[in-house]
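*Asks:* One structure follows; several queries about it will come next.
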Amino acid sequence: MKVTATPSALKLIEDLKKNHGNELLFHQSGGCCDGSAPMCYPAKEYLVGDDDVLLGKIGDIPFYISETQHKAWKNTDLIIDCIEGMGGMFSLDNGTGRR
């Protein structure tokens, strides 16, 4: 399993780094609601768990996924895209008009 990002997602990542610094991370929990989408956090404010799996980096930002979700998607490559809309309530993309 690997993770990649589209050009529009990479543009959003660059904007997030300009506004919040380079020490960010993404987490895909596989939960309901906002947890179904990747969330971006300041790296110092999110505790990566023992059951989280590092898939790789997008825009030089680490991308983690829960072990449970990794097992379910292990034969899938994950492509991160960006569209117009509201970001997750706790994700740094909230308020940008993109998610």
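Read-outs: derived from the displayed coordinates by stated rules, not from any lab. Note that this is a predicted model, so its numbers are computed, not measured. Cβ atoms come from the backbone with ideal geometry, glycine included; neighbour counts cover every protein chain shown.
*Asks:* Before rounding to the nearest 500, sum -39500 (n - 2.57) across all DSSP H runs of length at least 4 in the chain and divide by the residue total; then give [θ] at 222 nm in deg cm²/dmol.
*Replies:* Counting only the DSSP helices, I get -6500 deg cm²/dmol.
*Asks:* How large is ³J(HN,Hα) for each residue in region 45-62, as worked out from phi by the Karplus curve 6.51 cos²θ - 1.76 cosθ + 1.60 (θ = phi - 60°), to whole Hz, x for Gly and Pro?
*Replies:* Couplings: 9, 10, 8, 6, x, 4, 9, 8, 10, 7, 7, x, 10, 10, x, 6, 10, x Hz.
*Asks:* Taking the Cα centre of the chain as origin and charging only Cβ (+1 Lys, Arg; -1 Asp, Glu), how large is the dipole, in debye to the nearest 20? Walk me through the numbers before you get to the answer.
*Replies:* Working: 10 positive and 14 negative charges, 41 e Å.
It comes to approximately 200 debye.
*Asks:* Here is a further query. In whole percent, what relative contact order does the chain give with Cα contacts below 8 Å and a gap of six or more residues? Please report the intermediate quantities before stating the final value.
*Replies:* Numbers: 175 pairs, mean separation 35.4, N = 99.
Contact order relative to length: 36 percent.
*Asks:* What FRET efficiency would be calculated for the residue pair THR6, SER36, taking the C-beta separation as r and a Förster radius of 22 Å, to the nearest 0.05?
*Replies:* Between THR6 and SER36 the formula returns 0.75.
*Asks:* Something else about it: Under a crude label model (7 Å from the Cα following the beta-carbon direction), how far is ASP15 from ASP77 in nanometres?
*Replies:* For the pair ASP15/ASP77, the computed spacing is 2.6 nm.
*Asks:* Taking the number of other C-beta atoms within 10 Å as the exposure measure, put THR96, THR6 in order starting with the fewest.
*Replies:* In order of increasing Cβ crowding within 10 Å: THR6, THR96.
*Asks:* Report the gain in length on full extension from ASP60 to GLU45: 0.36 nm times residue separation, minus Cα-Cα distance, nm rounded to one decimal.
*Replies:* Between ASP60 and GLU45, full extension yields an extra 3.6 nm.
*Asks:* Can you give me the P(r) profile for the chain? Cα pairs, bins 5 angstrom wide beginning at 0, each as a whole percent.
*Replies:* Over the chain, the share of Cα pairs per 5 Å bin runs 3, 13, 26, 28, 20, 9, 1 percent.
*Asks:* Taking only Cα atoms, what is the 0 to 90° angle, nearest 10, from helix 7-20's long axis to the longest principal axis of the chain?
*Replies:* With rounding to tens, the tilt is 70 degrees.
*Asks:* Also, I was wondering about something else. For a test of understanding, tell me how many lysine pairs in region 3-80 have Cα atoms under 20 Å apart, given they are 8 or more places apart or on different chains.
*Replies:* Lysine pairs meeting the criterion: 8.
*Asks:* Can you list residues whose amide H is under 5 Å from VAL48's amide H, if they're 5+ apart or on another chain and H is modeled 1.01 Å from N?
*Replies:* none
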